[in-house]
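Written below as structure tokens is the structure these notes are about.
The values are calculated or read from the model by the stated rules, or taken from the named source; none is laboratory data. Note that the structure is a prediction, hence the values are computed from the model and not measured. Note that we place each Cβ from the backbone using ideal geometry, even for glycine, and neighbour counts take in every protein chain shown.
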């Protein structure tokens, strides 16, 4: 089934594929345990969910949705990066050498 207004597929198949890929990536991150691979799998899972569930890049005017999505990513990176920077500096300042 095709959504005429947005031009994307609204059938069940993309949702099932997205769910299976998301579950596989989550289980992969759980069982691997290496910090580098967890970040790689988390990034891949974010891309899978953005395309298959949020339909980023599949709408009729993708540039507005893409700009807002990239701004969301910038905010998330600033918040997480700032939090890690603050925790690192607090650890450096508070722990005796």
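For the structure I just gave you, tell me whether residue 39 is in the same structural domain as residue 14 (by TED's automatic domain parsing), within 16 Å of the chain's Cα centre (by Cα), assigned to a helix (DSSP H, G or I) and surrounded by 11 or more Cβ atoms within 10 Å (Cβ to Cβ).
For residue 39, the condition - in the same structural domain as residue 14 (by TED's automatic domain parsing), within 16 Å of the chain's Cα centre (by Cα), assigned to a helix (DSSP H, G or I) and surrounded by 11 or more Cβ atoms within 10 Å (Cβ to Cβ) - is met.
What are the residues in region 55-78 that are surrounded by 13 or more Cβ atoms within 10 Å (Cβ to Cβ) and not in a loop (DSSP other than H, G, I, E, B), if any?
Selection gives 62, 65, 66, 69.
Filter region 21-36 for residues that are surrounded by 10 or more Cβ atoms within 10 Å (Cβ to Cβ), without any contact (Cβ under 8 Å) to a residue 12 or more places away in the chain and more than 27 Å from residue 11 (Cβ to Cβ) and give the result.
30, 32, 34
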